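Written out below as structure tokens is the structure these notes cover.
The values are calculated or read from the model by the stated rules, or taken from the named source; none is laboratory data. Nothing here was measured: the structure is a model prediction, and the numbers come from that model. Reconstructed Cβ throughout: ideal geometry from the backbone, glycine too, with neighbour counts over all protein chains shown. Calculation scope for accessible area: heavy atoms of the full protein, side chains included, ligands and nucleic acids excluded. Shrake-Rupley method; radii C 1.70, N 1.55, O 1.52, S 1.80 Å.
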Amino acid sequence: MVYSILSDHKLDRFYELDPNAGQQVGDGPETGAFDFLADSDLRRKLIDFTDGKTTYITFHLPQIHCVACVWLLERLYNLHDGIGPSEVNFTRKTLKVPYDESKITLVELAGLLSRIGYEPDFKLGSLQQNGNDGGRRRAWMQLGVAGFAFGNIMLLSFPGYLGVPVRDTPWLPPVFGALSLLLSIPVMLFSAREYFQSAWLGLKHREISIDVPIALGILALFFQSAFDILRGVGEGYLDSLAGLVFFLLIGKSFQRRSFDALSFDRDYTHYFPLAALQVNPDGSTATRPLDRLVTGDRLRIRNGELIPADAVLMQGPALIDYSFVTGESRPEERLIGETLYAGGRHHGAPIEIEVIKEVSQSYLTSLWNHKSFRKDHERKFDRMTREVSKIFTLAVITLALATGGWWLFHSPGDTLRIMSAVLIVACPCALALSAPFAFGTALRILRGCGLYLKNGFVVEGMARVRHLAFDKTGTLTQGGVGSVHWDGTELSSALQAALRGMTESSTHPLSRAISSTFSVEADQPSGFQEWAGKGLECIWQGQSLRLGSSVWLREQGLEVPALAGSWLAHGSQVLGHFHFTDSPREGVAQSLPVLSSRYDMTVLTGDREEGLQTLRQWFPGCKDARASLSPGDKLEAIDQLRSDGRAVMMIGDGLNDAGALRHSDVGVAVTEDIQTFTPACDAILEASQIPDLPRYLRFSRLTVKVVAVSFAISLLYNIFGVAVAASGHLSPLFAAILMPLSSVSVLVISVFGTRFAARLAGLTPGPRLREDTRPRSMPPSPIPQQELAA
Amino acid sequence: MSVILILLLASMFLALCFLGAFLWSVKQGQFDDPVTPAMRILMDDDSSTRESSPPEHT
């Protein structure tokens with residue numbers, strides 16, 4: 001289908017560009033899936049800009065995965081003459097399209113994209129505009145200005161250091177000095193601005209951060225140099241100043257996380273759709289934006305759609321998959337009159353529901369109204385840097401005052417000069433650089449292994465963790481219905497064929513799971529009937545063959561024990577039942593004992609008690625496992641674990657873990673596909689990498705040791721420098737050598753030490769050097785498989 | 001020795017030009033997306049030229 005659209009418009013070269021280019025397109029969205037885009041209010045919020053003629057919109061297309069995608073999407077104008085030249089941002093997986101509203105509507109544009117396999121992803125959260133480009137561009141410019149000033153001031157300072165004779169041109173040194181001073185002003189006002197701001201902010205909150213001694217050092221450098229140059233007694237330390245700021249900014253940019261495609265601050269609005277289909281009293285339907293839903297609205301939910309708000313089922317039956325919300329691993333049947341909670345995904349024929357609570361007040365979303373979500377919950381990981389810098393700052397200030405006092409008695413004229421020399425040399429440039437570079441390197445190594453950290457300081461948080469809390473469904477286990485076991489009389493191959501035929505005809509997840517266990521050819525069932533919420537029936541060898549719940553079979557007058565599972569009956573004879581057990585992820589059963597030898601472990605699950613039975617079978621070391629927890633219970637469980645002061649790491653995947661992830665010291669969200677929704681967290685872990693968790697934790701501990709070593713080295717440099725400065729011998733040349741030397745050596749130790757730590761911990765970055773160039777193995781479909789399996 | 005002044009001015013002017021070019025490119029958004037342009041450059045401009053020339057491998 002896609003091929004025919006493309007070849008009609010001579011775009012079939014798409015398939016030559018990349019052998020992975022083709023993706024399996026699902027059934028396609030239902031017709032009218034994008035009707036909500038016709039709503040003018042919503043449309044205005046979604047578009048970037050319009051001048052009445054051309055409108056710009058940015059779509060989020062998670063399916064973008066290769067060069068050919070870029071090629072195709074940037075040639076969209078070949079498909080419709082209302083579309084202008086579009087632009088892909090590969091890392092963010094976005095497409096910016098200009099289009100002519102008089103020729104193509106937004107609904108048609110979204111439909112066109114989804115027909116060629118790129119279904120735009122509209123979520124409630126996409127209404128909130130986010131622009132962090134400004135900050136990033138600013139950081140680049142600050143770096144550029146600092147680098148420019150550093151290079152030029154260094155050149156101007158060289159003659160002074162080399163002692164070039166200036167007998168013929170006595171006016172030259174002042175000119176050089178004045179030029180250096182001129183060049184250093186933008187460094188002070190523009191590049192170093194953030195350091196002054198953050199130091200000032202810290203002081204206002206009575207908190208001494210590493211930025212305080214840095215700001216003090218920069219100020220001392222500048223004013224001492226300006227004083228020297230203006231009085232004509234020397235060339236000052238301006239090259240050290242510019243170099244210091246330049247190195248610091250490089251360190252800052254190094255630890256900035258560099259993956260745009262991931263978001264670590266997502267809340268429920270990034271999970272819910274933009275709009276729902278409303279049914280009016282007269283039977284007509286209209287799309288209604290989710291944020292304007294009110295109690296009493298009647299909605300139609302189609303196959304694979306989310307229940308957007310707590311509601312009562314009016315027309316059913318419904319089959320709701322709550323796995324992502326509650327951790328309950330099996331879809332549940334709901335009958336008319338029952339309450340459906342927001343966040344569940346419906347499978348099967350369309351249902352109608354009546355909203356009883358608004359979106360933001362629903363059972364699930366009310367978690368976000370919890371007080372911990374309302375305040376800006378900023379966790380501080382840089383505890384090590386902060387504690388060291390607090391002691392350091394106090395020491396520096398005391399030292400400066402002490403040397404100042406000593407010199408006041410011995411040579412009052414030199415007092416100010418020497419005090420500022422102490423401040424200059426004590427400026428913790430190396431100290432401030434070691435943590436960003438070590439943690440930044442760790443961030444990159446871990447990214448190569450499939451663990452994406454929010455920022456470098458999460459490594460420090462990971463190293464402090466003493467207690468691990470796991471979610472079960474979707475984290476330790478595969479999720480979904482699990483593995484299927486048959487308990488009963490042996491099934492003949494003819495019966496297996498009939499069963500396969502029957503179960504294949506149903507879309508029920510349990511039927512699908514059962515049908516996948518048979519290897520025989522399916523036999524077309526005769527007289528097939530599906531009793532929603534009850535079971536399946538067909539005619540086989542002249543008698544009815546029934547597969548369904550024990551309750552249903554008992555209603556039919558059969559002798560069936562009241563046990564969970566799918567029971568099979570042929571005629572009046574009960575043959576046995578299929579039951580389902582959670583199976584652990586590959587490798588998890590081996591790595592858990594490794595972890596439990598070092599960490600305390602807790603399993604928190606929203607699943608039923610019997611789910612824990614199977615867990616204990618393959619993980620006997622599990623002492624603390626709690627079942628049937630609501631999202632709020634999980635949050636409280638984490639608080640309780642943390643109450644004795646030990647750092648807790650929560651590893652979970654679903655929306656029901658959102659509170660626990662937020663309250664733990666380090667929250668790790670597990671996901672099958674890093675492009676899909678993950679709740680707010682500190683780190684995102686690829687599900688297949690869970691068995692490697694012991695290595696990641698060991699690596700984080702080693703990295704912290706590397707930082708401690710480089711702290712010690714940079715302190716040695718400082719003590720040495722301060723000793724020289726306090727004795728009154730600090731020359732600009734000495735400062736110009738010592739500062740870059742200490743910075744660069746600490747930087748090298750941090751980076752290579754961390755790499756060595758990775759080798760010690762056995763981490764070998766996989767083939768995914770860049771997270772975004774991997775082909776997606778999941779075909780895009782209206783029901784993302786990975787969310788189902790969560 | 002005044003030649004050094006000319007050199008100084010020239011070098012400063014040149015350096016400022018480069019700084020200006022850098023700042024302009026950042027403002028233009030050339031540093032916003034470091035990945036996609038690298039892919040774009042590898043793609044041929046036009047698919048219509050291909051039709052006039054026969055496919056190389058048949």
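For the stretch A:466-495, filtering for residues that are out of contact with any strand residue (DSSP E or B) (no Cβ under 9 Å at 6 or more places or on another chain) and either open to solvent by less than 10 Å² (accessible area, probe 1.4 Å) or at pLDDT 85 or above (or both) leaves 1.
Of all residues in the stretch A:277-311, count the ones that are in a strand (DSSP E or B) and at pLDDT below 80.
Taking the stretch A:277-311 and keeping what is in a strand (DSSP E or B), we get A:277-279, A:285-289, A:298-301, A:306, A:311.
Among the residues that remain, those that are also at pLDDT below 80 are: A:285-289.
Residues in the stretch A:277-311 being in a strand (DSSP E or B) and at pLDDT below 80: 5 in total.
Considering only the stretch A:586-611, state which residues are charged (D, E, K, R) and either more than 23 Å from A:Ser628 (Cβ to Cβ) or open to solvent by less than 20 Å² (accessible area, probe 1.4 Å) (or both). It would help to see each step written out before you state the result.
To start, the set of residues in the stretch A:586-611 that are charged (D, E, K, R) comprises A:586, A:598, A:600, A:607-610.
Within the stretch A:586-611, A:Glu586, A:Arg598, A:Asp607 qualify.
Quick check on A:Ile719: is it in a helix (DSSP H, G or I) and either in the same structural domain as A:Pro213 (by TED's automatic domain parsing) or over 13 Å from A:Val422 (Cα atoms) (or both)? Give the steps one after another, and end with the answer.
On the way: in a helix (DSSP H, G or I): yes; either in the same structural domain as A:Pro213 (by TED's automatic domain parsing) or over 13 Å from A:Val422 (Cα atoms) (or both): no.
The answer is no for A:Ile719.
Filtered by the rule that a residue be surrounded by fewer than 24 Cβ atoms within 10 Å (Cβ to Cβ) and not in a loop (DSSP other than H, G, I, E, B), the stretch A:341-354 gives A:Arg345, A:Glu352, A:Glu354.
Restricting the stretch A:425-468 to residues that are closer than 30 Å to A:Ser727 by Cα and of a type in the set (Gly, Ala, Ser), which is farthest from the chain's Cα centre (by Cα)?
Filtering the stretch A:425-468 for residues closer than 30 Å to A:Ser727 by Cα gives A:425-434.
When the remaining residues are screened for being of a type in the set (Gly, Ala, Ser), the result is A:426, A:430, A:432, A:434.
Working: A:Ala426: 38, A:Ala430: 30, A:Ala432: 26, A:Ser434: 25 Å.
So, considering only residues that are closer than 30 Å to A:Ser727 by Cα and of a type in the set (Gly, Ala, Ser), the one farthest from the chain's Cα centre (by Cα) is A:Ala426.
Pairs meeting the criteria (first residue in the stretch A:45-57 and assigned by TED's automatic domain parsing to the domain that holds A:Lys103, second residue surrounded by 15 or more Cβ atoms within 10 Å (Cβ to Cβ) and not in a strand (DSSP E or B), beta carbons under 6 Å, at least 6 apart or on different chains) are A:Lys45/A:Leu127; A:Thr55/A:Glu101. Cβ separations smaller than 7 Å between residues 6+ apart or across chains give the following pairs from the stretch A:303-324 residues that are farther than 20 Å from A:Pro289 by Cα to residues that are among the acidic types (Asp, Glu) and buried (at least 21 other Cβ atoms within 10 Å of the Cβ): A:Tyr322/A:Glu328; A:Phe324/A:Glu787. Just one of the listed residues (A:Ala647, A:Ala637, A:Ala627) is surrounded by 16 or more Cβ atoms within 10 Å (Cβ to Cβ) and at pLDDT below 85, and it is A:Ala627.
Table: residues versus (1) crowded, with 21+ Cβ neighbours inside 10 Å; (2) under 21 Å from A:Tyr452 (Cβ atoms).
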residue: A:Thr678; (1), (2): yes, yes
residue: A:Pro694; (1), (2): no, yes
residue: A:Arg701; (1), (2): no, yes
residue: A:Val707; (1), (2): yes, yes
residue: A:Phe720; (1), (2): no, no
residue: A:Ala723; (1), (2): no, no
residue: A:Phe756; (1), (2): no, no
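Residues that are in a strand (DSSP E or B), closer than 18 Å to A:Phe122 by Cβ and away from chain B (no Cβ under 14 Å) within the stretch A:57-87 comprise A:Ile57, A:Phe59, A:His60, listed in sequence order. Restricting to the stretch A:88-105, name every residue that is open to solvent by 10 Å² or more (accessible area, probe 1.4 Å), at pLDDT 80 or above and within 14 Å of chain B (Cβ to nearest Cβ). Residues satisfying the conditions are A:Asn89, A:Thr94, A:Lys96.
Got a sec? Which helices (runs of 4 or more DSSP H) wholly within the stretch A:155-269 have at least 2 residues that are within 14 Å of chain B (Cβ to nearest Cβ), more than 30 Å from A:Thr671 (Cβ to Cβ) and modelled with pLDDT of 85 or more? Step through it out loud before you land on a result.
Working: elements: A:172-186, A:193-204, A:211-231, A:238-255.
Because the criterion is at least 2 residues that are within 14 Å of chain B (Cβ to nearest Cβ), more than 30 Å from A:Thr671 (Cβ to Cβ) and modelled with pLDDT of 85 or more, the helices (runs of 4 or more DSSP H) in the stretch A:155-269 that meet it are A:172-186, A:238-255.
Could you tell me whether the stretch A:461-470 includes any residue that is more than 30 Å from A:Gly753 (Cβ to Cβ) and assigned to a strand (DSSP E or B)? Checked the stretch A:461-470: at least one residue is more than 30 Å from A:Gly753 (Cβ to Cβ) and assigned to a strand (DSSP E or B).
Residue-by-condition table, conditions (1) open to solvent by 10 Å² or more (accessible area, probe 1.4 Å); (2) in contact with a Gly (Cβ under 6 Å, 6 or more places away or on another chain); (3) over 28 Å from A:Tyr341 (Cβ atoms); (4) not assigned by TED's automatic domain parsing to the domain that holds A:Leu61:
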position	(1), (2), (3), (4)
A:Gly652	no, no, no, yes
A:Ser664	no, no, no, yes
A:Val668	no, no, no, yes
A:Ile674	no, no, no, yes
A:Ser688	yes, no, yes, yes
A:Pro691	yes, yes, yes, yes
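Search the stretch B:30-48 for residues being more than 7 Å from chain A (Cβ to nearest Cβ) and in a loop (DSSP other than H, G, I, E, B), and hand back the single one that is modelled with the highest pLDDT. This residue is B:Gln30.
For the stretch B:14-28, the candidate set comprises residues that are closer than 29 Å to A:Val67 by Cβ and facing another protein chain (nearest Cβ under 7 Å); within that set, the residue that is least open to solvent (accessible area, probe 1.4 Å) is B:Val26.
As a summary of the residue check, A:Leu124 satisfies the conditions (1) closer than 30 Å to A:Pro679 by Cα; (2) within 12 Å of another protein chain (Cβ to nearest Cβ); (3) open to solvent by less than 50 Å² (accessible area, probe 1.4 Å) except for the one numbered (2).
The numbered conditions (1) touching a Phe, Trp or Tyr at 6+ places or on another chain (Cβ under 9 Å); (2) buried (at least 17 other Cβ atoms within 10 Å of the Cβ); (3) assigned to a strand (DSSP E or B) are all true for A:Phe580 except (1).
Checking each residue in the stretch A:510-536 for being assigned to a helix (DSSP H, G or I) and out of contact with any helix residue (DSSP H, G or I) (no Cβ under 8 Å at 6 or more places or on another chain) picks out A:Leu510, A:Ala513.
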